[in-house]
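Have a look at the structure below, then the notes.
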Amino acid sequence: MTFYEPGDRVCVLYLSRADGTCLAYNRTVIDVVPDRDHGQRVWVNMPGNAALGSPLEFFADDREGLSHMEDEPIESQAPGKLTANLDWYIEAAAPNSARYTWPWGRGHKPVRVAFTDTTRTLHARMAAHYIEQLRFVDPRSFEDWIARFQPTPAPM
């Protein structure tokens, strides 16, 4: 069985108000409590379009609705997950980057905690690793990812 801790990065299957069933990457585990039948009850911060609001409760043994972002080796990740992990590492490696944490649990507001320079450097290395893997596994997805960062021409 998979176990979760507050702060873990996860992907979740959820119901959107407008788009039906959706998959959200890079969500954060807010709170965890033991559960006799399912191992743990896990609360995750959800996108703004989640039909059931945020945070949303999952069970740790729900393998189809909740999983760690890096629960499989980088070489086995599908292009969508590779891209999501790459995006997260790029953002986390940027100057002044931070993450949100819920030190007082799901009933309280999140706190922004800055990454250290050492952590940003490690995230930059991981981003480079993900870039290489995405380029190798799916060159088309890599080209699409690069295209998102191309400047748009100025209006004339």
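The values are calculated or read from the model by the stated rules, or taken from the named source; none is laboratory data. Since we're looking at a predicted model, the values are computed, not measured. With ideal geometry, Cβ positions are generated from the backbone for all residues, glycine too; neighbour counts draw on all protein chains shown. Accessible surface is based on the protein model in full, side chains and every heavy atom, while ligands, DNA and RNA are left aside. Shrake-Rupley method; radii C 1.70, N 1.55, O 1.52, S 1.80 Å.
Table for the structure above
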quantity: Inter-centroid distance (Cα atoms) of region 35-58 relative to region 66-138, Å; calculated: 20
quantity: Top positive-direction residue, dipole computed over the chain with Cβ charges, set GLY107, PRO6, TYR130; calculated: GLY107
quantity: Separation in nanometres of the label points that stand 7 Å from Cα toward Cβ, at HIS68 and GLU132; calculated: 2.2
quantity: Principal axes of the chain: Cα extent on each, largest first, Å; calculated: 56, 38, 33
quantity: Of HIS68, SER97, PRO155, farthest towards positive along the dipole that unit charges on Lys, Arg, Asp, Glu beta carbons give the chain; calculated: PRO155
quantity: Relative contact order for region 10-156, counting Cα pairs under 8 Å that sit 6 or more residues apart, in percent; calculated: 18
quantity: Extended-chain gain in nm, criterion 0.36 nm per residue less alpha-carbon gap, ILE146 and ASP117; calculated: 7.9 nm
quantity: Charge tally in the Cβ shell below 11 Å around ARG99, where Lys, Arg are +1 and Asp, Glu are -1, ARG99 excluded; calculated: +1
quantity: Accessible carbon and sulfur surface of the chain relative to its total accessible area, %, 1.4 Å; calculated: 54
quantity: Dipole magnitude (debye, nearest 20) for region 1-113, charges at Cβ of Lys, Arg, Asp, Glu; calculated: 520
quantity: Sequence of VAL113, VAL32 when ordered by accessible area, the most exposed leading, probe 1.4 angstrom; calculated: VAL113, VAL32
quantity: Å² per residue, accessible surface of the chain at 1.4 Å; calculated: 62
quantity: Length gained when the stretch TRP104-PHE3 is fully extended (0.36 nm per residue, less Cα-Cα span); calculated: 34.4 nm
